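The structure appears right after this line, and notes come after that.
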Amino acid sequence: MRLGINLGYWGLGMDADNIAVAQEADRLGFSVCWAAEAYGSDAATVLSFVAARTERIDVGSAIFQIPARTPAMTAMTAATLDTLSGGRFRLGLGVSGPQVSEGWYGVKFDKPLARTREYVEIIRKAMSRERLVHEGDHWTLPLPGGPGKPIKLTVHPVREHIPLYIAAIGPKNLEQTGEIADGWLGIFFDPEHAALSLDPLKAGRVRAGAGAGREFEGFDVCPTVAIAVGEDIKAGVDSQRSYTALYIGGMGSKEKNFYNQLARRMGYEQAADEVQERYLARDYAGAAAAVPHELIDATSLIGDTARIADRMQAYADAGVTTLTLAPAGFTLDERITALRTGVEALERAGLA
């Protein structure tokens, strides 16, 4: 099992530290460094900045938002980043959510599965450097009846195939991800509830032609997990309360919150209701307090090196191939310690 690092969103007051964290992850042999975007900093600029200041670690978008860019623009960006980084780019995609898609980008949040499938098809065509022709429900290239003509990408990426990941939560989206992507970007992944995500992914892999018992060959199962190092388990859990409440309670509307629905499928229906009710009422402290201790502990790496090593073993046993760490802490020293502990725990578990 490999390790990754997720820098999260840029522009939250720790930008200089983020570069130092990425460089330390590079030195420690981490496999990939991911950056996110929502409605603040964009991931492409951040990744070019990180790539210029690292040597070996891959850089990946987790995620580029599908409503933010045309598929051809995403293919151009991916090809450029792969070229500038010397073949170290990984393309992570996601549909975002209705509030961001419609409120920030002005793009209707409808038919996300069909839109994602078409988006990936166009990117694959563009990246193959064939002349771009596509007729679909969401995009038609070139536009009919006009001066446009089929064009091909002029940039030559370092690699013929840039790994493509999709962030997915719901069962149908997970199944499609297994079918059309090279990897899955997960969140709030509990090894004890792995089947909630991996069974639909496996079904998609079978649909794509993977043989029995070899469904995940060449496919990267890559969840992001918080890591908080220390003897005080409660303190480590509490450090993740606000973050978890934001997603379960505030990401999306009351009717459409994918993270809230995931918590329900994991058996936390009553808590999911309370967290969302409090968060939408702007009782953020109450929402954080309502997140179950067990939910955070099950979906994070919390404790000393031995305890973290045990949890890493559980992730590996569940089928995770790249475990991406989101180090807790407000200081650079705390985050660097989390990275080093992660490497030590991986070695202790015999997974390095």
Who wins for biggest fluctuation among THR299, THR331, THR177 in a Gaussian network model of the chain, springs between alpha carbons below 10 Å? THR331
With Cα springs under 10 Å, the Gaussian network model of the chain assigns the largest mean-square fluctuation among LYS111, LYS202, LYS256 to LYS111
Just how far, in whole angstrom, is the stretch 272-291 from the stretch 171-231 if you go by their alpha carbon centroids? 29 Å
Which whole-number percent of Cα pairs in the stretch 281-326 have a distance greater than 12 Å? 69 percent
Give me the distance in nm between label points sitting 7 Å out from Cα along the Cα-to-Cβ direction at ALA20 and GLU231, one decimal. 2.6 nm
Within the set GLU255, GLU192, GLU179, GNM on the chain using Cα springs under 10 Å gives the largest fluctuation to GLU255
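How would you classify the stretch 59-143 from its alpha-carbon gyration tensor, with a ≥ b ≥ c the square roots of the eigenvalues: rounded for a/c under 1.5, else prolate if a/b is greater than b/c, otherwise oblate?
Oblate.
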Amide H proximity to PHE64 below 5 Å, modelled H, separation 5+ or other chain, gives GLY92, LEU93, GLY94
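Would you calculate, for the chain, the mean residue ellipticity at 222 nm contributed by helices, counting each DSSP H stretch of 4 or more residues as -39,500 (n - 2.57) and dividing by all residues, to the nearest 500? Let's see the in-between values first.
Numbers: 15 runs with 158 residues, N = 352.
Calculated at 222 nm, the ellipticity per residue is -13500 deg cm²/dmol.
Restricting to the stretch 133-282, compute how many DSSP beta bridges are antiparallel as a %, nearest 5. List each step's numbers first, then the result.
Working: 2 of 10 bridges.
Close to 20 percent.
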Out of all DSSP beta bridges with both ends in the chain, state the antiparallel percent to the nearest 5. 5 percent
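Using the 10 angstrom Cβ neighbour count as an exposure proxy, how do SER197, SER128, SER31, SER48 rank, fewest first? Walk me through the numbers on the way to the answer.
Working: SER197 27, SER128 13, SER31 21, SER48 16.
Lowest count first: SER128, SER48, SER31, SER197.
For the stretch 231-302, what is the Kirkwood hydrodynamic radius in Å, using each pair of distinct C-alpha atoms? Could the numbers behind the result be given before it?
On the way: mean 1/r = 0.0844 Å⁻¹.
For the stretch 231-302, inverting the mean 1/r across all distinct Cα pairs yields 11.8 Å.
Would you kindly calculate the translational diffusion coefficient of the chain, applying Stokes-Einstein with the Kirkwood radius from alpha carbon pairs, for 37 °C and a viscosity of 0.692 mPa s, and quote it in µm² s⁻¹ without decimals? Intermediate results must be reported in sequence, preceding the final value.
Details: Rh = 20.8 Å.
It diffuses with D of about 158 µm²/s by this estimate.
For the stretch 210-352, just say rounded, prolate or oblate: build the C-alpha gyration tensor, square-root its eigenvalues into a ≥ b ≥ c, call rounded for a/c under 1.5, and beyond that prolate if a/b exceeds b/c, oblate if not.
Numbers: a/c = 2.34, a/b = 1.29, b/c = 1.82.
Oblate shape, in that a/c is at least 1.5 and b/c is the bigger or equal ratio.
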Nearest 20 debye, what's the magnitude of the dipole of the stretch 231-302 about its Cα centre given +1 on Lys and Arg Cβ and -1 on Asp and Glu Cβ? 320 debye
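With an 8 Å Cα cut-off and a minimum separation of 6 or more residues, compute the relative contact order for the chain in percent.
Working: 643 pairs, mean separation 58.1, N = 352.
Worked out over the chain, it gives 17 percent.
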For helix 305-318, what angle does its Cα long axis make with the longest principal axis of the chain, in degrees from 0 to 90 and rounded to 10? 40 degrees
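All of the numbers you see were taken from the coordinates with simple rules; none came from a lab. Just so you know, these numbers come straight off a predicted model, no measurement behind them. We place every Cβ from the backbone using ideal geometry, glycine too, and count neighbours over all the protein chains shown.
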